[in-house]
Amino acid sequence: MFVELNNLLNTTPDRAEQGKLTLLCDAKTDGSFLVHHFLSFYLKGMGLIDAGVSLTVARERGQLVFLEGLKSAVDVVFQAQKEPHPLQFLREANAGNLKPLFEFVREALKPIDSGEARWTYPVLLVDDISVLLSLGMGAVAVLDFIHYCRATVCWELKGNMVVLVHDSGDVEDEENNILLNGLSHQSHLILRAEGLATGFCRDVHGQLRILWRRPSQPTAQRDQSFTYQYKIQDKSVSFFAKGMSPAVL
């Protein structure tokens, strides 16, 4: 979890909003550092991790449920399955049914009481949803899947969702564009990590666009956008206004 990013977003793990969808987008760079931030952010906010509790322990307690997409894809393609698999669509001629994946999500994110820590609310983090397009799913089917997940996680269970999608930058990639636009319209917060137009720089690794979307607010306050540049360090990320990197002062 990156404290500087929390400061930019004016939030802390103990006062995170509920019932929200956060969209993470990366273009010509790797946005995985944002995924790591929100994973730690929500686990800490729920009291599921601290200085003495690792992600491995959280998984063993059933507090963190993880579906490894690549391994699961190999299993469902090359091994016989006794029960419906979350990625069952990979074995079907008409690859358009994400219901088994949704059922996996709904079952995994039910509130639990482990005897040591109770979930205050569930969080679904998808890293990354673009893979479903690569596996043959259409954008509309993926958006339907997200809609049903939101209905369960955000509305029914008052939890949150964080979804990463890649922006290919190809205007002719219609499916990716439909997915990105559809997710953008559903999100209350969009974090877009972009590579620098000038190319690689040792002291500035990219820029982060932050867009808040608040439909219920007056027009002047509805959408607010800020842009920062950043540098990824060993265990943290530093953010600064464009052109204000310490390296160029």
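Note on Lys20: lysines with a C-alpha under 23 Å away, same-chain residues under 8 apart excluded, are Lys44, Lys99, Lys110, Lys158. Residues in the range 148-153 carry Karplus couplings, in order, of 5, 5, 4, 4, 7, 6 Hz; the curve used is 6.51 cos²θ - 1.76 cosθ + 1.60 with θ = phi - 60°, and Gly or Pro positions show x.
Cross-link partners of Lys231 among lysines, defined as those whose alpha carbon lies under 21 angstrom from its own and excluding same-chain residues fewer than eight positions apart: Lys28, Lys242.
Among 158-170, 12-24, sorting by the average number of other beta carbon atoms lying within 10 angstrom of each residue, highest first, gives 158-170, 12-24. For the range 121-245, the alpha carbon convex hull comes to 155 Å³ per residue, rounded to a whole number.
Values quoted throughout were computed directly from the atomic coordinates according to the rules given, and no laboratory measurement underlies them. Keep in mind the model is a prediction, meaning the values are calculated, not measured. As a convention, Cβ positions derive from the backbone with ideal geometry for all residues, glycine included, and neighbour counts pool all protein chains shown.
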